[in-house]
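The values are calculated or read from the model by the stated rules, or taken from the named source; none is laboratory data. Every value quoted in this text rests on a predicted model; they were computed, and no experiment measured them. Glycine also receives a Cβ, built like all others from the backbone with ideal geometry; neighbour counts cover every protein chain displayed.
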Amino acid sequence: MAIRAIFFDFDDTIGHREAYAYDCYRRIIKEQAPHLTDPFEFEAVVQDCMLWDEKGNIDKTHVKNMLKETYGIELPYEDLNAYWDQILWEHCVPYSDSEKSLEILSKRYKLGLITNGPSVGQRNKLRNSGLSRFFDPEQIVVSGDYPFRKPDPRLFYAACEKLDVLPQESVYVGDIYGRDVLGAHRAGMTPVWIWNWGERKCGTDILIIHKISDLLDYF
C-alpha cells in the first residue's frame, strides 16, 4: 500500500530538545543559584541537570531532588514539572534541517504530528519553533487532549482519522523506541526511529535515521 502521510513526534525529532532543555536549565540555575559565579562551577550544575533529566523521560522532581542532594540548591517551585511546561516553549528551536525537510516532504505527503504532553505547551512549542505552518492545528494530536498517551495505538488511530488516511498508508517518525516505534507498530503504521546520538543497536528490522533530512533518501 502506497504511503500517503508522514507523522512526526516533536521533541528530539523535529524540535531540538537538547538545545532548548539546556537553555531552560541554564535559566533556572541562573535564577536560583546566583552564587555560582565561576562559569565552570555553573556549567557543572547545568550539565548534571541534563544528565538527571534523561532527555525528558523522567519526572522533574528527580532533578529537583538531585540538585538539593548534590549541590544544596533548593528550587522554590512546588511543582518543577509545571514551571518547566510554562517556560520550555519560550526556548524552543527546530533542528537545522527540519524546516527544509518538512518543506520538501509536504509537497509529497500529508504531514501530521503525534506527541505526548500538555496540549497548550506542545502547541506553543510548535508555534515558537517556526514549524507550525506545516501542520493544520486541527489535525495535530497531543496526548493532553486525550485520556491516553503513546504508545497507546488509539492516539495513532486518532491522527490517521484526522488526516483521512489508513495506518497502513502512514509512516511515523520518533526518537523513543518504547513510545514512538512501538506505538506506531501497534497501530499498523510504518515506524522510523530517529536517533540523533550516534550508532544505536536494534534487534528489529526498522529504518533508523540520524537526522530528519535522512528521510528524503527514503520518501
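The table that follows gives values for the structure above.
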quantity: Cβ-Cβ under 6 Å pairs, at least 6 apart or on other chains, the stretch 10-34 side closer than 19 Å to Ser119 by Cα, far side assigned to a helix (DSSP H, G or I); calculated: Asp11/Arg17; Ile14/Ser98; Ile14/Ile212; Gly15/Ser129; Tyr20/His91
quantity: Sole residue being closer than 17 Å to Tyr177 by Cα and either of a type outside the set (D, E, K, R) or modelled with pLDDT under 95 (or both), chosen from Phe7, Phe40; calculated: Phe7
quantity: Count of residues meeting criterion [surrounded by 15 or more Cβ atoms within 10 Å (Cβ to Cβ), closer than 16 Å to His16 by Cα and not polar (S, T, N, Q)] in the stretch 184-213; calculated: 5
quantity: Single match in Glu74, Glu78, Glu54 (criterion: of a type in the set (Asp, Glu) and within 15 Å of the chain's Cα centre (by Cα)); calculated: Glu54
quantity: Any hit, the stretch 185-197, residues being in a helix (DSSP H, G or I), farther than 18 Å from Asn57 by Cβ and in contact with a strand residue (DSSP E or B) (Cβ under 7 Å, 6 or more places away or on another chain); calculated: yes
quantity: Residues of the stretch 138-178 that turn out to be in contact with a Leu (Cβ under 8 Å, 6 or more places away or on another chain) and basic (Lys, Arg), as a count; calculated: 1
quantity: Only one of Val173, Val142, Val181 that is under 19 Å from Ile14 (Cα atoms) and either in contact (Cβ under 8 Å) with a residue 60 or more places away in the chain or basic (Lys, Arg) (or both); calculated: Val173
quantity: Qualifying residue in the stretch 30-51 (condition: among the small types (Gly, Ala, Ser) and at positive phi); calculated: no
quantity: Total residues in the stretch 64-104, condition without any contact (Cβ under 8 Å) to a residue 60 or more places away in the chain, within 26 Å of Arg127 (Cβ to Cβ) and either in a helix (DSSP H, G or I) or not hydroxyl-bearing (Ser, Thr, Tyr) (or both); calculated: 11
quantity: Filter result for Lys107 (among the basic types (Lys, Arg), farther than 26 Å from Leu166 by Cα and modelled with pLDDT of 95 or more); calculated: no
quantity: Checking Lys162 against (1) part of a loop (DSSP other than H, G, I, E, B); (2) more than 17 Å from Ile209 (Cβ to Cβ); (3) at pLDDT 95 or above; (4) not hydrophobic (A, V, I, L, M, F, W, C), the condition it does not meet; calculated: (1)
quantity: Residue selected from the stretch 36-51 under the condition assigned to a helix (DSSP H, G or I) and free of Cβ contacts under 8 Å to residues at least 12 places away in the same chain, by the criterion nearest to the chain's Cα centre (by Cα); calculated: Leu51
